[in-house]
1. From the list Val40, Val72, exactly one residue is aliphatic (A, V, I, L, M), under 27 Å from the mean Cα position of the chain (by Cα) and modelled with pLDDT of 85 or more. Which is it?
2. So which residues in the stretch 212-236 are away from ligand 1 (no atom under 14 Å from the Cβ), touching a residue at least 12 places away in the same chain (Cβ under 8 Å) and either closer than 30 Å to Asp393 by Cβ or not in a loop (DSSP other than H, G, I, E, B) (or both), if there are any at all?
3. Go through the stretch 324-383 and tell me which helices (runs of 4 or more DSSP H), entirely inside it, have 2 or more residues that are of a type in the set (S, T, N, Q).
4. Assess whether Asp61 counts as being under 29 Å from Val432 (Cα atoms), over 26 Å from the mean Cα position of the chain (by Cα) and exposed (fewer than 15 other Cβ atoms within 10 Å of the Cβ).
5. On the given criteria, is Val282 buried (at least 21 other Cβ atoms within 10 Å of the Cβ), modelled with pLDDT of 95 or more, touching a strand residue (DSSP E or B) at 6+ places or on another chain (Cβ under 9 Å) and within 28 Å of Glu486 (Cβ to Cβ)?
6. Please verify whether Val223 is surrounded by fewer than 21 Cβ atoms within 10 Å (Cβ to Cβ) and in contact with a Leu (Cβ under 6 Å, 6 or more places away or on another chain), treating the condition exactly as stated.
7. Residues that are surrounded by fewer than 20 Cβ atoms within 10 Å (Cβ to Cβ) and in contact with a Gly (Cβ under 7 Å, 6 or more places away or on another chain): does the stretch 211-218 have at least one?
8. Can you name the residue in the stretch 23-37 that is among the hydrophobic types (A, V, I, L, M, F, W, C) and more than 15 Å from ligand 1 (Cβ to nearest atom) and, of all such residues, is nearest to the chain's Cα centre (by Cα)?
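The values are calculated or read from the model by the stated rules, or taken from the named source; none is laboratory data. Owing to the predicted nature of the structure, the values given are computational and were not obtained by experimental measurement. Note that each Cβ is placed from the backbone with ideal geometry, even for glycine, and that neighbours are counted across all protein chains shown.
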Amino acid sequence: MDNSNEYAISLEHIYKSFGSVTVLKDVNFYLKKGTIQALVGGNGAGKSTLMKIMTGVHACDSGTIKIDGRAVKIDNTIDAQKHGIKMIFQELSLSPTMTVTENIFLSNEIKKGILLDKKAMAEKTRKLLEELEIQALPTDRIQDLGVGICQLIEIIKALAVDAKILIMDEPTASLTEKETNILFGIIENLKKKGVSIVFISHRMKDIFRIVDSITVLRDGGIVADKPKSEYTLDSLIELMIGRNVEKKMEFIKRETPVGNDILMQVENLSVGKQVHGVSFAVRRGEVLGIAGLLGSGRTETLEALFGIRKGKYNKLVIDKREIVIKNVSSAIHNGIALIPEDRRRQGLVLDHSVKDNLCLPNLKELKRGIKIHKAKVKTMTTNCVESLGIKTDGVNVGMLSLSGGNQQKVVIAKWLETNPKLLLMDEPTAGVDVVAKGEIIDIIRNFVTKGNSVLFVSSETSEMMAICDRILVYSAGRIAKEFYRENLESEEMLEYAIQH
Ligand SMILES: Nc1ncnc2c1ncn2[C@@H]1O[C@H](COP(=O)(O)OP(=O)(O)OP(=O)(O)O)[C@@H](O)[C@H]1O
Ligand SMILES: [Mg+2]
């Protein structure tokens, strides 16, 4: 039976290698018209690569792409656009120095005669921002906005062109529940209009909420493709990983409770327009969470403590010494490290190798005189790759050849190697798969057991519930509430506190 019309697009017998590494092996992928289909799989499974083939970013080595049952050629993104295919990339593609309006209308400008109609574009942007409740102005520059907000703007940009097929690669990676709800409203609306959607995510909760069917990719091959109702959470994870995964997202009560010894204390910290006079202390061995909506000042607090942003405070004490953080090197000197939310802008030098990226903050330790100690580098890099299971073809390859989640693991590994006393983590698990999430949680547990402390920001409440000893809830740059983990009965309770 020819059921080709059932599909908005199909990719058949797709093969793709990068150099000697085969990434996709005989993949058949079918997207049903007017449905939301999840594409899931561990970090490096080949999800982004497959979707980039569908959108003409990569050419496949062999295979056929069919639309309405007919083979088509998609050699570049313009071909894809002609077929109504639009992709929201995992790595954000906005221009940092341009404004929100300029980004949304880039190569899609509204014109009045031969001139650009700037007023109309600004007005349309303002409306879209308002509709989606995004806290940004049309004139804001992308570089001044947080990652979550940029993620939403990236989505608006894709919506400004009418797409028949929309691919979303990790659209909710650093969105809180509230923004995720807004996004899901948009997705449902698009579905009603007949748009077919591929939804890639490592957030199982989101997948089970929004999609109709789930395709599982493991090591470059499809291992399952069924309606959502035919999976349970456990069966899905097992299909993705190929084995049972112990549940690590559960809160484990400490064997020795956190003492009262204070490692870091800040009094009356203000950061720009985002943080207004917060005071808190982190105890030795404690994981202190900061929860809040996008734009509530969580990231700015961490960045001020790491010297990336200018913060004003009455007093900052670390290890019983009063200090002033002037810049990143004084933060590092005082035993502070930051795993940033925005790995592409701050976390990595993308055109350098994995090895160079791992070594960068650790050069002092790795040097012998003015020379780099090769054996030490080897031990260190091997350790990093193994302890976090970074999937890479050696450490000499460029960062750009790693999948999104594996890039994030490099950021985490390199800062852990600096042996900080206070580790600031901003959305450390954004984009990493379930196994790696569990590994990161384990690493944090080990890290604090040694008497170190962590300030932990995550938009995933399940994660905060699993790892934090205490949680501050920010609201508009102030501490609105404080909870000890043992007094939080459910994730919903925390979720409610964040939103009200
Ligand atoms: N440009 C490239 N050059 C070389 N290798 C690449 C390139 N792009 C991807 N790869 C390799 O292909 C494999 C699949 O990568 P891909 O980005 O498709 O994974 P993914 O499933 O999207 O993972 P994640 O969940 O981490 O985003 C990875 O092992 C990666 O190292
Ligand atoms: Mg990817």
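1. On the way: Val72 fails: under 27 Å from the mean Cα position of the chain (by Cα).
Result: Val40 is the single residue among Val40, Val72 that is aliphatic (A, V, I, L, M), under 27 Å from the mean Cα position of the chain (by Cα) and modelled with pLDDT of 85 or more.
2. Taking the stretch 212-236 first, the residues away from ligand 1 (no atom under 14 Å from the Cβ) are 212-214, 224-236.
Subsequent filtering for residues that are touching a residue at least 12 places away in the same chain (Cβ under 8 Å) retains 212-214, 224-228, 231, 233, 236.
Hits for the stretch 212-236 are Ser213, Ile214, Ala224, Asp225, Lys226, Pro227, Lys228, Leu233, Leu236.
3. On the way: elements: 328-333, 354-359, 363-366.
Counting at least 2 such residues, we get 328-333.
4. Numbers: under 29 Å from Val432 (Cα atoms): yes; over 26 Å from the mean Cα position of the chain (by Cα): yes; exposed (fewer than 15 other Cβ atoms within 10 Å of the Cβ): yes.
Considered against the rule, which asks whether it is under 29 Å from Val432 (Cα atoms), over 26 Å from the mean Cα position of the chain (by Cα) and exposed (fewer than 15 other Cβ atoms within 10 Å of the Cβ), Asp61 comes out as yes.
5. Details: buried (at least 21 other Cβ atoms within 10 Å of the Cβ): yes; modelled with pLDDT of 95 or more: yes; touching a strand residue (DSSP E or B) at 6+ places or on another chain (Cβ under 9 Å): yes; within 28 Å of Glu486 (Cβ to Cβ): yes.
Yes.
6. yes
7. yes
8. Residues of the stretch 23-37 that are among the hydrophobic types (A, V, I, L, M, F, W, C), as a first pass: 23-24, 27, 29, 31, 36.
Those still in the list that are more than 15 Å from ligand 1 (Cβ to nearest atom) too: 31, 36.
On the way: Leu31: 25, Ile36: 21 Å.
The qualifying residue nearest to the chain's Cα centre (by Cα) is Ile36.
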